[in-house]
Every structure is written in structure tokens, then in C-alpha cells.
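Since the structure comes first, as C-alpha cells, the remarks are kept for the end.
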Amino acid sequence: MSERVIDLRSDTVTLPSDAMRQAIFDAPLGDDVMGEDPSVKRLEAMAAERTGKEAAVLVASGTMSNLVAIMAQCARGEEAICGSEAHVFHYEVAGAAGVAGVQLRTGPNDARGRMATADVEAAIRGENVHWPRTALLCLENTHNRCSGAAISAEETDELAAIARGHGAAVHIDGARIFNAALAQGTTVARLAEAADTVGFCLSKGLGAPVGSVLCGPGGVIARARKARKMIGGGMRQAGIIAAAGVHALDHMVERLADDHANARALARGLAQLPMVEVDPELIDTNIVIAAVGDEIAFLRALYRAGVLAGTPRRGAVRFVTHYGITTADIDDALERIRGAVAAVA
């Protein structure tokens, strides 16, 4: 591998800034399980305000956020609908079934991560002694496996209205919803307005070392907090984590625009290469998914050139821009990728 590595595998590889590290060092602490950590309380209040919800709870990860949201809004033996490309379906070790006792039923996502209203309507169960009750609709914004597409508030409103019409609640896996709000030119509160609950990650583009926050109505969040304790997520002096989240919400949101610009520049460069197919016009946020044919050979060539990427599926490679990746890094990465493409060819 080249001596200096450009890591575009995920925005989870970010490291906290010096200012964030100082905020962690200075954080006032208490026992969060006892409700006594002031830094956690501050973060949860900020998160609820930003998402337009009544309450919030700090959890360890986006996966935990989705799981406790399901546990808080579904009974065992009930069903939750999600997209065929959803993170909760592909990457969360079947936690909905294995831990919550909730069956996931998928409807198709299109290439932009959207679900058609007719497909959601068709997936919702009617009343029948043989069928589980449809208790929850799980949406995702931005959409990880669909090139980081940002879903509009109006699209969410439409799907949520269908779910509510059948007595189902709505959850948004908003791991990167601050990216979505920036791309859509709106607020996170507007994007989450039609949902009962929304979770977002602190540890991706916002640059914190760990943590996510689930937001929603007070009663639902109280149940989620209890579910968090059940699955081992009750943390003590969790202000160590929360202080980084407070700093992130105060200082790391607007800079997401740099990641989006870098992703579009990367996509434009990739589109000019042989053996690589990507449409730069479809890049909303910080994820670029390119069709490459033999993804394993391509990734190995990138690795030798000192560029790290990932693969969401056969025949595709995923690049993610993030805090710590500069415009110069993108130019350097494209030069290395050109060499990698030539090597594969």
C-alpha cells in the first residue's frame, strides 16, 4: 500500500477535532442511568429541539437507536415495514427479530431510496387471524445503500399518512439526516415532522467518536430508555460521549456542505474513467456508489494505491467523504484511482 492512506470507506472513520477533545475533557459528569449527567441532559434537550420532538435519549449507536425505537413502538409478534435496501434490514444482525421479536416486511426501494405509496399500502396487513399486526413503518434518510440520497419532507409526509391511516407509527433512521436537511435546504425538524421517532448519529459526518440520539414523544422515549437498559445500553458517566455530541451539534453541522462538495467532485472525476459508471447529478450528499464490474479486483487495486473504499453489493464500490478529507485529498485520490483503473484493465 502507498505510505499515505486516503480512507473513503465510511464517515465512521472520522476522528474528533482538538476542540471536540477539549469539550470531552471539560465535560461535567454524573450517573446517566440515575438521570444525573448534566452533559447528557444538555445533549438530549438539544437533540429534541433540533428534531422538533418532545424528548430524546442518548444511545450507543445507530443500530441501537433503531432497535429501541422498534422495541418502544411494537409488541412481540408484530411487524414493521421497511425498504428492501434499508440499513435496519441489511446491517443490524436481525435485531428486530432476534431481540424485539418483531418481523420485518420489506417493500421495494427505488434507486433513490424512495418507496412508492402503492407498495407501502400493499405491505400493510389487514385484520386477519393469521397475520401479524403492522405496527411500524421504518424509513431512512439519507439512504445509505442508495448513494446517500436525501428524501424530501413531502415524500415522508405522504408515506407517513398511509401508515397512520392504518394505525401504524413511523420511525426514521436518520443516521445522516443532518446531511439530508442541508441537501434539501430545510431543517431536520421539517424532515422528521411526520414521523413519531427519528434517530441520528453523532459518529458519522458530525465527527463525534461514538453515539446516536433517538427523539420522539415523551412516552415513547421513556419506553425506549427502558429498552436501552434491557439490552445493556445504560451508561454511567455518559457525558464523556454527550459532550462530543453537544460540540458536534454546535460546530460540525454546517461543514457537512464541504463533504457534499467533495463527493460531487469525486463523482465527476470517477465518471470520466473507463470501467467506472456513476452519475454525478445523482449525488445529493456524501456517498458515491459507482458500478465497477469486478469490485474485488477494483478494491484490491485501490488498496495498493493507498485509497480505501467499500462495497455495498456485487459490482459496486462505495466512497464516503467526511471530516478530515480535503479537496486536495479528493484530487490525490482521483489520481490514484486512475492508476488503479489502469492496473485492473
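Every number here is computed from the coordinates shown, using simple stated rules; none is lab data. The structure displayed is predicted, hence computed values, not measured ones. Backbone-built Cβ (ideal geometry, glycine too); neighbour counts: all protein chains shown.
Let me see the P(r) profile for segment 229-297: every Cα-Cα distance counted, bins of 5 Å, each bin given as a percent of all pairs.
Per 5 Å bin, starting at 0, the Cα pair percentages come out as 3, 14, 15, 12, 11, 9, 10, 12, 9, 3, 1.
With angles folded into 0 to 90 degrees, how steeply does helix 239-251 sit against the dominant principal axis of the chain? Use alpha carbons for both and round to 10.
Helix 239-251 sits roughly 60 degrees off the main axis of the chain.
Pairs of alpha-carbon atoms within less than 8 angstrom and 6+ residues apart define the contacts here; what relative contact order does segment 161-277 have, in percent?
Taking the mean separation of contacting Cα pairs over the length of segment 161-277, I get 21 percent.
Can you give the % of DSSP beta bridges in segment 1-141 that are antiparallel, to the nearest 5? Don't skip to the end; give the middle numbers.
Numbers: 1 of 9 bridges.
Roughly 10 percent of the DSSP beta bridges within segment 1-141 come out antiparallel.
If one takes the longest principal axis of the Cα atoms in the chain, at what angle in degrees, from 0 to 90 and to the nearest 10, does the Cα axis of helix 38-51 lie?
For helix 38-51, the angle is close to 80 degrees.
Project the alpha carbons of segment 120-165 onto their principal axes and report the range along each, largest first, in whole Å.
The Cα atoms of segment 120-165 stretch 40, 21, 14 Å along their principal axes.
Out of all DSSP beta bridges in the chain, what portion is antiparallel? Express it as a percent rounded to 5.
Antiparallel bridges: around 50 percent, rounded to the nearest 5.
Can you give the convex hull volume per residue for the Cα atoms of segment 174-333, as a whole number of Å³? Each step should come with its number before you reach the end.
Working: hull volume 24.0 nm³, N = 160.
Convex hull volume per residue, Cα atoms: 150 Å³.
With each run of n ≥ 4 DSSP H residues scored as -39500 (n - 2.57), what mean residue ellipticity at 222 nm is computed for the chain after dividing by its residue count and rounding to the nearest 500 deg cm²/dmol? Don't jump to the answer; show the numbers that get you there.
Working: 14 runs with 145 residues, N = 345.
Computed mean residue ellipticity for the chain: -12500 deg cm²/dmol.
In debye, nearest 20, what is the charge dipole magnitude of the chain about its Cα centre with +1 on Lys and Arg Cβ and -1 on Asp and Glu Cβ, if you could check? Provide the component values of the computation, followed by the final result.
Working: 34 positive and 42 negative charges, 163 e Å.
The dipole of the chain has a size of about 780 debye.
Could you work out Rg/(2.2 N^0.38 Å) for segment 18-251, with Rg from alpha carbons only? Before the final figure, lay out each step's value.
On the way: Rg = 17.0 Å, N = 234, 2.2 N^0.38 = 17.5 Å.
Its radius of gyration relative to the 2.2 N^0.38 Å reference: 0.97.
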